[in-house]
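J.: This structure is in structure tokens; I'll ask about it shortly.
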Amino acid sequence: MRAHSGELYRYAYWLCGENALAQDLVQETFLRAWRSLDALRETVAAKAWLTTILRREHARLYERKPMPTTDFTDLDLSDTGPGPERTGEDAVMRAAIAKLEPKYREPLVLQVLGGFSCEEIARELGITEAAVMTQVFRARQKLKSMLDGEVREAEVYGLP
Amino acid sequence: MDCLEFRRLLGSDPRAMSAAAREHMESCPRCAQAFADAQAFETRIAHALAIDVPEGLADRVLLTQLTEERRRRATGFRYGWIALAAAAALAVVVGVVQRGTAPAHSLPDLVTEHVNGEERVFLSNRTPVDAGEVERAFADRGVRIGSVPAGITYVSECPVGAYRTVHMVMPENDKPVSVVYVVHHRAPAGDEFTRGNLKGREVPIADGTLVLLAEDTSRFDTLEHTWRDALEGRPDIAAGSR
């Protein structure tokens, strides 16, 4: 539990955008996991299993009541200045990630934070692997577009 | 593999580069530079995503899990104990009638043993539990409680020997103070006791017995009045042994 709680919290935060709600989601996830421990076939699959439970818990929140639009902290992305501090760089990137639509943000978070392959993400999200590859590609493009400002969305990592 | 295909793969997953992709990179300096840029960008994304985890989250999750497990076991115990307790009670009554003596293990012994056997994580938690949770624990034990005292950081319905209890912790100065209310068993009189490094007080309150247990007894008077108020009403009209 200790090994996964931090990672799950981060994933939950990027799903819902709220610290307190993310903690609640993690609590509920582990409670449900605890109650159905016999459903876990192999311990190596624990991370994916917990991620699935957390996504379902998050979806349950939307079933119970309409959630307000995720309100991430919004920073002025153009105001980076020369030689930004490390924390400033992180803040700018976080704001950009927060601005991504969920269909781009979620697979990106699963890939980068969770370390899942495109195939695993496809299974988790119930879409094709090709769709995942397209969405994470576009997620990166959109981030670069927001951060660099000049990159055309159609540009592919420096190709004309 | 050509540059376009390489760049598409790079954008989809910069870390999972196939043998063909690596081979292309070795022969194409521009794509090799693009790969280096992509790794740097990926590091920025990963660093930004790795937000700080709230302190103590793992402990709180563990505490919730263990509390839930205790509650589930207590429910199981409740129904199993109906049959067992009936037989045990009958044996005790017969034994008492025959010998005129109390059971071998006294309530202070049982409570001390139970508290010493609890997970340290319960006793070290400092986050107050919800008042509703405390009310539910008492209600499950068939006890109506007035206003829930503040400062309860742990609550669980625990079997202590043959007794049913609501076990709580109300810390003071980073030291746990165990507050165990034994339902439907009223001690004949109040008593002070010592078990090892723990000091205790046994107080008949309402239909049960409050047992306080801690290394330091300085809060015992306050806690006794607080719980008498919660379980019997206003202390100036409540009848008690003290």
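Throughout, read-outs are computed from the coordinates displayed, never taken from laboratory work. Every value quoted in this text rests on a predicted model; they were computed, and no experiment measured them. Here Cβ is always computed from backbone atoms with ideal geometry, including for glycine, and neighbour counts include all displayed protein chains.
J.: What are the lysines whose alpha-carbon lies under 22 Å from the alpha-carbon of A:Lys99, with same-chain residues fewer than 8 places away excluded?
T.: A:Lys142, A:Lys144
J.: While we're on this one: How much FRET efficiency would the formula 1/(1 + (r/R0)^6) give for B:Arg195 and B:Ser218, where r is the Cβ-Cβ distance and R0 is 22 Å, rounded to 0.05?
T.: On the way: r = 18 Å, r/R0 = 0.82.
The calculated FRET efficiency here is 0.75.
J.: Round to the nearest 0.05 the FRET efficiency obtained for B:Glu5 and A:Ser36 when R0 = 60 Å and r is the Cβ-Cβ distance. Don't skip to the end; give the middle numbers.
T.: Details: r = 43 Å, r/R0 = 0.71.
Plugging the Cβ-Cβ distance into 1/(1 + (r/R0)^6) gives 0.90.
J.: Which of A:Trp34, B:Trp227 comes first, and how do the rest follow, when ranked by fewest Cβ neighbours within 10 Å? List each step's numbers first, then the result.
T.: Values: A:Trp34 16, B:Trp227 22.
Listing A:Trp34, B:Trp227 from fewest to most nearby Cβ atoms yields A:Trp34, B:Trp227.
J.: Which whole number gives the average count of other chain Cβ atoms within 10 Å of the Cβ atoms across peptide A:18-26? Provide the component values of the computation, followed by the final result.
T.: Numbers: counts 0, 3, 1, 0, 4, 5, 0, 0, 7.
Average per residue, whole number: 2.
J.: Provide the per-residue ³J(HN,Hα) series for the stretch B:196-207, in order, calculated from phi with Karplus coefficients 6.51, -1.76, 1.60 and θ = phi - 60°, each as a whole number of Hz, with x at glycine and proline positions.
T.: Each residue's phi maps through the Karplus curve to give x, 8, 9, 10, x, 9, 10, 9, x, 9, 6, 8 Hz.
J.: Next question. When the dipole is taken about the Cα centre of the stretch B:16-59, and only Lys, Arg (+1) and Asp, Glu (-1) are charged at their Cβ, what size is it in debye, to the nearest 20?
T.: Values: 3 positive and 7 negative charges, 67 e Å.
For the stretch B:16-59, the charge dipole is close to 320 debye.
J.: For B:Glu133 and A:Glu119, FRET efficiency with R0 = 56 Å and r from the beta-carbon atoms, rounded to 0.05? Intermediate values should be presented prior to the final figure.
T.: Numbers: r = 42 Å, r/R0 = 0.76.
For A:Glu119 and B:Glu133, the calculated efficiency is 0.85.
J.: Sort A:Ser36, B:Ser156 so the one with the fewest other Cβ atoms within 10 Å of its own Cβ comes first. Walk me through the intermediate numbers first.
T.: Details: A:Ser36 10, B:Ser156 22.
Least crowded to most crowded, the residues run A:Ser36, B:Ser156.
J.: Moving on. For the stretch B:224-229, take each phi angle, set θ = phi - 60°, evaluate the Karplus expression 6.51 cos²θ - 1.76 cosθ + 1.60, and give the result in whole Hz per residue in order, putting x for glycine and proline.
T.: Whole-Hz 3J(HN,Hα) from phi for the stretch B:224-229: 4, 5, 4, 6, 5, 4.
J.: Over the stretch B:157-238, what is the relative contact order in percent, taking alpha-carbon pairs closer than 8 angstrom and at least six residues apart? Could the numbers behind the result be given before it?
T.: Numbers: 147 pairs, mean separation 17.2, N = 82.
That works out to 21 percent.
J.: If we count other beta carbons within 10 Å of each Cβ, what is the order of B:Thr217, B:Thr127, fewest first? Could the numbers behind the result be given before it?
T.: Working: B:Thr217 17, B:Thr127 10.
Placing the least packed residue first, the sequence is B:Thr127, B:Thr217.
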